[in-house]
1. Given labels modelled 7 Å from the Cα in the Cβ direction, how far is it in nm from residue 169 to residue 128?
2. Could you order 317, 25 by accessible surface area, starting with the largest, using a probe radius of 1.4 Å?
3. Taking the chain as a Gaussian network, Cα atoms linked when under 10 Å apart, which of 186, 137, 147 shows the biggest mean-square fluctuation?
4. What's the extension gain from residue 247 to residue 235 if we count 0.36 nm per residue and subtract their Cα-Cα distance?
5. Provide the net charge surrounding residue 19, with neighbours chosen by a C-beta distance below 14 Å and charges set as Lys +1, Arg +1, Asp -1, Glu -1.
6. Quote the relative contact order of the chain in percent (integer), defining contacts as alpha-carbon pairs under 8 Å separated by 6+ residues.
7. Dividing the convex hull volume of the alpha carbon atoms of the chain by its residue count, what do you get in Å³ per residue?
8. How much length would be gained if the chain were fully extended between residue 65 and residue 154, taking 0.36 nm per residue of separation minus their Cα-Cα distance, in nm to one decimal?
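The values are calculated or read from the model by the stated rules, or taken from the named source; none is laboratory data. Here the structure is a predicted model, which is why all the values come from computation and not from measurement. Neighbour counts are summed over all protein chains in view; Cβ atoms, including those assigned to glycine, are modelled from backbone coordinates with ideal geometry. Side chains included, ligands, DNA and RNA excluded: accessible areas come from the protein's heavy atoms. Shrake-Rupley method; radii C 1.70, N 1.55, O 1.52, S 1.80 Å.
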Amino acid sequence: METKILSQEQIADAARIIKSGGLVVMPTETVYGLGADAFNKQAVANIFKAKGRPMDNPLIVHIGAIKDLKRIVSDIPEKALILARAFWPGPLTMVLPKAQCVPDEVSAGLDTVAVRYPSHPIAETLILLSGTLIAAPSANLSGSPSPTELKHVVDDMNGRVDAILDGGSCEVGLESTVISLVGDVPRLLRPGGVTVDEIESVIGKIELDPAVTEKLREGEKAASPGMKYKHYAPQARVVVVKGSDEQYIRYVNSQDKKGIGAICFDEDAEKLNVPFFSLGPKDDQAAQAKNLFSVLRSVDEAGIALAYARCPRLDGVGLAVYNRLIRAAGFEVTCLA
Ligand code: TXA
Ligand code: MG
């Protein structure tokens, strides 16, 4: 298949492709998404094929207005409306009871559907022009880091989709926060751009799914099917190192140098004597979120075999950075402190 790269001026062409059952990669404020008409079963099945994604991992439906919720959700809890008004359009996905019209292919047979109203103007316009709702996972090959730049998308999806809409770099850089509103207490399934504190400030206490920070035990069922797969992983082995600035530098510099790299903060860079890839300033969590997936891809391009990564702070959006990094590391952590 020939993949067209379209500019913002060509959104109408992209909308026509969606309408006729094709696949279009669209930029969003979080990461690029691999989109298709959410009500076209064949088109949705083609998303799974293009990504090499297991069919039991459900997709997020992207809407272009809060009122679209009614089209795909059978019962909208009050807290969902409060969250929608506070954080949409934006990097928040809500898991809600699904309406019958949502194909099983989208929800992977679950009786819930994940919904997000993205704030990127290209995504928003594409949804509105296509006259439908767009099911889209992140536009990476299954298991790889999510794409945050056009180049990442082209590397993974050229020849597998009808078109790619160029939107430059994604602002947030990590996928949306996923929260389930189907139980008695709202439950965070995946941390992202909207933080736990921000959510609790509008709907009160929420629960954190244990899979946010810990590995699922053998046989344990994932509340969010995506959590059970090895994720966001570069080819390189990644080890998360917990400890002070000095402990980290000393530890990395004392390793046998062959094939070693460091995923560090800006402040560490000049003290390291191995190739380094910086996530950004130590105290700038937004920068770390924005850069993480690019850094993971660069580590592979540089042919690094083993990368030692600084452990980010776990507050604010740092929880999302940690959640992705720990999965990229296959939960391998070295504690120096
Ligand atoms: O920021 C994002 O969310 C991006 C952009 C493109 O919108 N999308 C994205 O989609 O990250 P994906 O498919 O890579 O991740 C969606 C996650 C998966 O872990 C999936 O298992 C979970 O959401 N999910 C989807 N539907 C669900 C449902 N009904 N119940 C529980 N988890 C669900
Ligand atoms: Mg993904």
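1. Taking the two extended label points, one gets 2.7 nm.
2. The residues order as 317, 25, largest area first.
3. Of 186, 137, 147, the most mobile in the Gaussian network model is 186.
4. Full-extension gain reported as 1.7 nm.
5. Values: positive: 16; negative: 13, 37, 162.
My count for the surroundings of residue 19 gives -2.
6. Details: 771 pairs, mean separation 65.8, N = 337.
Once normalised by length, the contact order is 20 percent.
7. 127 Å³
8. Working: separation 89, 0.36 × 89 = 32.04 nm, distance 2.91 nm.
Stretched fully, the residue 65-residue 154 segment lengthens by 29.1 nm.
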